[in-house]
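Asker: Can you keep this structure in mind? I'll have questions shortly.
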Amino acid sequence: MLKSDKMSPQLPKQFNHKEIEPKIYKMWEEKGLFMATRDPKKIPYTIVLPPPNASGRMHTGNVLMVAIEDLLIRWKRMKGYSALWLPGTDHAGFETQVTYERELKKQGKSRFDFDRETLYNNIWEFVQQNKGIIEDQLKKMGASVDWSRYTFTLDPHVIKTVHATFKKMHDDGLIYRDNYIVNFSPKDGTTFADLEVKTEERNDPFYYVRYPLLDRKDGEVEFVVCATVRPEPIFIDTHLAVNPSDESKKWLIGRQVSNPLTGATMNIIADSFVDPAFGTGVVKLTPAHDKNDFDVARRHNLPILTAIDMRGKVLNIPEAGELAGLYVTKARKKAVEILQAKGFIEKIDEKYVHGVSVSYKGGDIEPMVLPNWFVKVETLKKPALDAVLNGDITIYPKWREVTYTQWMEEMRDWPISRQVVWGIRIPVWYSAKENPELVVSFLSADGKVLNGTLGDLLKDHNFAEIKNGLQTLIAPKNAKYVISSEDPKLSDSTAEDFLPETDTFDTWFSSGQWPLVTLHYPDSEDFNYFYPTSVLETGWEIIRFWVSRMIMFGIYLTGKSPFKDVYLHGIVKALDGKKMSKSLGNVINPEEYQEQYGTDALRMGLISGTANGKDFAFPKDKVIAFRNFANKLWNMTRFMFMLEESSGVVVPEYSDVVLARGNDADRKIVGELHKLVGEIDTELEKYRFGEAGDKIYHFMWDSLAASYIEHIKDRQDKDVALSIFRYVFKNCLKLLHPFMPFVTEELWGYMKSDDEAELVVNEWPQV
RNA sequence: GGGCUCAUAGCUCAGUUGGUUAGAGCGCUGCAUUCACAUUGCAGAGGUCUCAGGUUCGAGUCCUGAUGGGCCCACCA
């Protein structure tokens with residue numbers, strides 16, 4: 001194809017990313033170039049996009065993630081794979097509900113003003129309004145995702161699959177109900193996942209409480225002393241504990257003391273969790289309100305008795321005495337008064353500083369024992385661990401592997417219930433007739449929030465009113481239930497009345513099935529062709545929560561690991577090298593850089609900043625350097641057209657014949673290019689993105705621009721030199737395209753002949 | 001307490017299985033501008049690779065220890 005019969009294009013002096021990027025993305029999208037086909041002659045290459053929060057915005061970590069995944073996908077697509085990048089967004093249950101409730105608060109309302117269904121629908125609307133933001137941002141980033149295969153975690157087919165998985169696990173005996181100690185915040189009125197709980201340093205008095213020793217022998221102390229910051233639930237305590245290897249306390253094991261508040265008899269047990277060096281080396285056990293104590297109680301089969309209710313008040317029971325009905329802080333004061341009056345306070349350390357659990361909304365956590373749905377992980381975790389150990393799955397970088405293996409070894413049963421509305425409801429229904437002891441909270445017909453057991457409430461309210469106004473429900477551990485997505489009454493009108501479980505699944509329960517649901521498991525052609533996926537790319541901080549669950553679900557449901565490789569990128573820190581945080585005011589908004597320097601520069605800068613999965617400071621210098629690089633490419637092209645025009649030569653299509661007419665410089669640059677192609681492939685196979693990027697950068701700038709172009713200026717046979725330049729440059733555009741898709745595609749448009757495909761779907765250079 | 005990770009140029013970092021004069025980007029110094037790009041070009045300065053031992057013909061790279069950062073997990077009765 002000869003170019004001389006056309007006017008050479010007149011390029012502006014600089015690469016204008018703001019103008020060109022949207023134009024290019026639109027072209028890709030309209031031509032459907034990201035759509036993957038199930039071509040039996042091709043090898044599939046699949047990546048699932050870790051779904052960002054549907055109502056959120058992209059942060060720097062998301063940008064890095066998109067840059068890396070798009071690089072991999074574009075590279076493999078050009079190499080001839082059937083490359084599919086599956087997009088989607090996550091409902092982000094808790095996070096979104098909190099955001100929505102903040103909006104409600106501005107309107108002077110709260111979630112208690114709505115029944116469950118209305119609240120859900122309102123949040124749905126809220127999310128729909130904001131959903132476009134993240135999709136726009138993905139497009140601006142140049143993400144070559146297949147939009148025709150977009151999934152939202154609350155799509156009907158996702159819910160269907162998640163429900164089916166729950167049912168199957170239940171049938172396989174992997175789901176059970178049990179009471180479990182959860183992070184409950186009386187102030188926020190809900191439980192929080194461990195992730196959502198932060199520890200806050202606080203100064204509280206540390207009380208050394210005397211427990212009178214029973215059956216005291218000669219020479220023995222009168223009191224066993226135990227230090228605590230919270231004496232108020234002592235009235236319910238039944239046991240103290242010491243460390244069995246603590247010689248000075250050994251004699252206490254099996255002995256009894258009397259409860260300093262109630263006078264009831266308490267036993268002293270041994271458990272190695274007790275730190276002999278801390279406090280007095282004696283621990284009081286309050287299993288219903290302390291995670292450790294709960295675990296100890298489980299191990300030793302101790303009673304788990306509740307002292308505090310969900311409003312944060314001491315229970316109104318006889319044992320509570322004067323404390324009954326008081327809020328925790330008041331009850332604590334009262335308890336201290338009583339103990340002091342009895343002479344049971346040995347001393348008070350006023351300067352004690354300790355960690356207190358606080359929800360990230362700010363409410364104090366009152367650990368509580370509530371019924372929960374659990375996944376039994378014993379049989380699931382072994383194959384998931386083995387998949388990594390035996391090499392079915394390779395984790396990059398290698399040193400992160402231990403994070404995974406340790407977690408899988410230690411993994412305990414997984415509580416999957418969350419008391420938030422925004423999520424996939426656990427598909428369980430409770431018969432009203434069989435479960436009068438259900439604790440129900442509902443919005444009555446006249447707009448009041450009422451609580452109580454179902455049996456009691458039905459005395460004054462009819463069932464329809466309760467069901468329509470239902471907010472939350474707590475079913476005792478042994479409640480009778482049926483598993484069904486729909487109200488069982490819908491399929492059998494003669495059936496009894498049912499109330500739905502109001503708990504939703506932990507988001508990791510649904511996102512753990514992401515590789516499956518995005519491919520429409522179990523019975524779709526996509527699933528048959530594209531599963532297992534090729535590489536799972538994400539930040540290392542969610543390896544435990546997400547990666548481990550996907551591997552477990554994938555193997556459990558399909559018998560195959562859901563992906564072959566896991567690439568874990570590092571966290572992008574602020575310019576000062578510290579973790580980005582709102583309070584430090586060092587959060588980087590990637591859009592500012594994108595706006596100023598262009599998407600290509602932002603992508604390449606980030607990718608070049610890390611290649612080994614380590615955390616790294618936002619590489620501002622590199623972003624600027626690659627903005628300059630984009631402009632360099634632009635001007636290389638511009639200059640080539642000017643030379644072609646001014647020299648007036650006919651530039652022949654590159655071939656071995658042309659090269660044979662050339663000189664040593666020609667052969668050298670072509671040779672270097674061919675070597676480069678091999679090197680790029682090698683680096684990318686090893687996920688060494690930064691190295692690969694640097695090599696193209698230096699070849700194009702140093703060898704091609706600084707050296708070869710200067711050389712062309714002196715050439716008499718400009719036709720040969722320009723032909724070789726075109727050949728080398730076009731191949732460089734290909735190599736660079738996965739890194740900097742916009743500028744390369746735009747320049748390709750000027751360089752390509754009419755019968756050549758767009759760069760995004762063009763062929764990767766071969767040596 | 002357990003685990004991971006880092007320490008290389010003024011700054012941010014690369015350096016893959018140990019192999020000749022240790023690299024990049026930015027910054028810095030000097031020079032250059034009608035003739036693609038100042039988002040440019042040319043030239044240059046700048047490092048006893050944290051410290052102490054060890055293995056080796058050979059160590060920035062491997063081993064041991066120390067010091068100082070960062071992160072994760074557990075715990076704080």
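Asker: What is the diffusion coefficient of chain A in µm²/s, taking the Kirkwood radius over Cα pairs and the Stokes-Einstein relation at 10 °C with a viscosity of 1.306 mPa s?
Answerer: Answer from the Stokes-Einstein relation: 52 µm²/s.
Asker: Which order do A:E322, A:E21 take when ranked by solvent-accessible area (1.4 Å probe, heavy atoms of all protein chains), largest first?
Answerer: A:E322, A:E21
Asker: Counting only protein heavy atoms, what percent of the accessible surface of region A:411-537 is carbon or sulfur at a 1.4 Å probe?
Answerer: C and S atoms contribute 51 percent here.
Asker: Do the alpha carbons of any pairs in A:K42/A:K718; A:K160/A:K573; A:K140/A:K695; A:K398/A:K675 sit beyond 31 Å of each other, and which pairs?
Answerer: A:K42/A:K718; A:K160/A:K573
Asker: Given +1 on the Cβ of Lys and Arg, -1 on the Cβ of Asp and Glu, and no further charges, what dipole in debye does region A:531-661 carry about its Cα centre, rounded to the nearest 20?
Answerer: Using only the charged Cβ atoms, the result is roughly 660 debye.
Asker: Still on this structure, please answer the following. Carbon and sulfur together cover what percent of the accessible area of region A:1-82 at a 1.4 Å probe radius? Provide the component values of the computation, followed by the final result.
Answerer: Numbers: 2190 of 3980 Å².
That fraction is 55 percent.
Asker: Note down the accessible area of A:S753, probe 1.4 Å, to the nearest 10 Å².
Answerer: Surface open to solvent at A:S753 totals about 20 Å².
Asker: Ok, one more. What figure in square angstrom, to the nearest 10, would you give for the accessible area of A:H91 with a 1.4 Å probe?
Answerer: That residue has around 0 Å² of solvent-accessible surface.
Asker: Then there is this: Before I look further, what does region A:1-106 give for accessible area per residue, probe 1.4 Å, in whole square angstrom?
Answerer: Here the residues of region A:1-106 average 45 Å² of exposed surface.
Asker: Under a 1.4 angstrom probe, counting protein chains only, how are A:V440, A:V356, A:V449 ranked by accessible area, largest first?
Answerer: Of A:V440, A:V356, A:V449, the descending order of accessible area is A:V449, A:V356, A:V440.
Asker: For region A:19-46 and region A:217-262, write down the distance between their C-alpha centroids in whole Å.
Answerer: Using only Cα atoms, the two centres lie 70 Å from each other.
Asker: Something else now. With only alpha-carbon atoms in the gyration tensor, what are the semi-axes of the equivalent ellipsoid for region A:552-703, in Å, largest first?
Answerer: 39, 25, 13
Asker: Taking only C-alpha pairs under 8 Å that are 6+ residues apart, what is the relative contact order of region A:554-639 in percent?
Answerer: 30
Asker: Within region A:217-310, what whole-number % of the accessible surface is contributed by carbon and sulfur, with the 1.4 Å probe and all protein chains included in the calculation?
Answerer: 51
Asker: Could you sort A:H569, A:H300, A:H461 by accessible area so the largest value comes first, with the probe set to 1.4 Å?
Answerer: A:H300, A:H461, A:H569
Asker: Another question, then. Among bridges DSSP assigns within chain A, what percent are antiparallel (round to 5)?
Answerer: Values: 61 of 84 bridges.
So the antiparallel bridges amount to about 75 percent of the total.
Asker: Taking Cα centroids, how far is region A:492-559 from region A:406-460 in Å?
Answerer: So the separation of the two Cα centres works out to 23 Å.
Asker: For region A:670-764, what are the per-bin percents of Cα-Cα distances with bins 10 Å wide, up to the bin holding the maximum?
Answerer: 15, 46, 33, 6, 0
Asker: From the residues A:L519, A:T161, A:L261, which one has its Cα farthest along the dipole of chain A in the positive direction, the dipole being from +1 and -1 charges on Cβ of Lys/Arg and Asp/Glu about the Cα centre?
Answerer: A:L261
Asker: Contact order normalised by length for chain A, with contacts defined as Cα pairs under 8 Å and 6 or more residues apart; what percent is it?
Answerer: Relative contact order of chain A: 16 percent.
Asker: To continue, here is another question. Rounded to two decimals, what ratio of Rg to Rh does region A:601-687 give with C-alpha atoms and a Kirkwood Rh?
Answerer: A ratio of 1.10.
Asker: To continue, here is another question. What dipole magnitude, in Debye to the nearest 20, does chain A give about its Cα centre under +1 on Lys/Arg Cβ and -1 on Asp/Glu Cβ?
Answerer: Numbers: 97 positive and 110 negative charges, 169 e Å.
Charge dipole, chain A, about its Cα centre: 820 debye, nearest 20.
Asker: Next question, about the same structure. What helices in chain A pass both tests, a Cα length along the helix axis of 24 Å or more and a mean Kyte hydropathy of -1.0 or higher, using whole DSSP H runs?
Answerer: Passing helices, by number: A:60-78, A:620-647, A:664-685, A:718-736.
Asker: Now for a separate question. Write down the accessible area per residue of region A:726-767 in Å², having rolled a 1.4 Å probe over the full set of protein chains.
Answerer: Working: 1260 Å² over 42 residues.
It amounts to 30 Å² per residue over region A:726-767.
Asker: In debye to the nearest 20, how big a dipole does region A:493-572 give about its Cα centre with +1 on each Lys and Arg Cβ and -1 on each Asp and Glu Cβ? Don't skip to the answer; put the middle values down first.
Answerer: Numbers: 4 positive and 11 negative charges, 105 e Å.
In debye, rounded to 20, region A:493-572 gives about 500.
Asker: May I ask you to evaluate 6.51 cos²θ - 1.76 cosθ + 1.60, the Karplus curve with θ = phi - 60°, for each residue of region A:228-235 and list the ³J(HN,Hα) values in order in whole Hz, giving x for glycine and proline?
Answerer: Those phi angles translate into 8, 8, 10, x, 5, x, 4, 4 Hz.
Asker: Sticking with this one: Report the extension gain between A:E350 and A:N451 in nm, rounded to one decimal, defined as 0.36 nm multiplied by the number of residues separating them, less their alpha carbon distance.
Answerer: 32.4 nm
Asker: List the pairs from A:K250/A:K330; A:K41/A:K734; A:K109/A:K291 whose alpha-carbon separation is above 27 Å, in the order I gave them.
Answerer: Too far apart for the 27 Å limit: A:K250/A:K330; A:K109/A:K291.
Asker: Normalized C-alpha radius of gyration of region A:449-523, against 2.2 N^0.38 Å?
Answerer: It is 1.44.
Asker: How much accessible surface area, in Å² rounded to 10, belongs to the heavy atoms of A:R57 with a 1.4 Å probe?
Answerer: Surface accessible to solvent at A:R57 totals approximately 140 Å².
Asker: Under a straight-distance cross-link criterion of Cα-Cα below 14 Å, which aspartates and glutamates are reachable from A:K167, leaving out those fewer than 8 residues away in the same chain?
Answerer: By straight Cα distance, A:K167 reaches A:E486.
Asker: Further question: I'd like to check one number: the per residue accessible area of region A:413-502, probe 1.4 Å, reported in Å² as a whole number.
Answerer: Accessible area per residue, region A:413-502: 46 Å².
The values are calculated or read from the model by the stated rules, or taken from the named source; none is laboratory data. Not measured: the values here are computed from a predicted model. Counting neighbours? That spans all protein chains shown, and the Cβs are built from the backbone with ideal geometry, glycine included. Quick note on the areas: whole protein, heavy atoms, side chains included, nothing else; ligands and nucleic acids left out. Shrake-Rupley method; radii C 1.70, N 1.55, O 1.52, S 1.80 Å.
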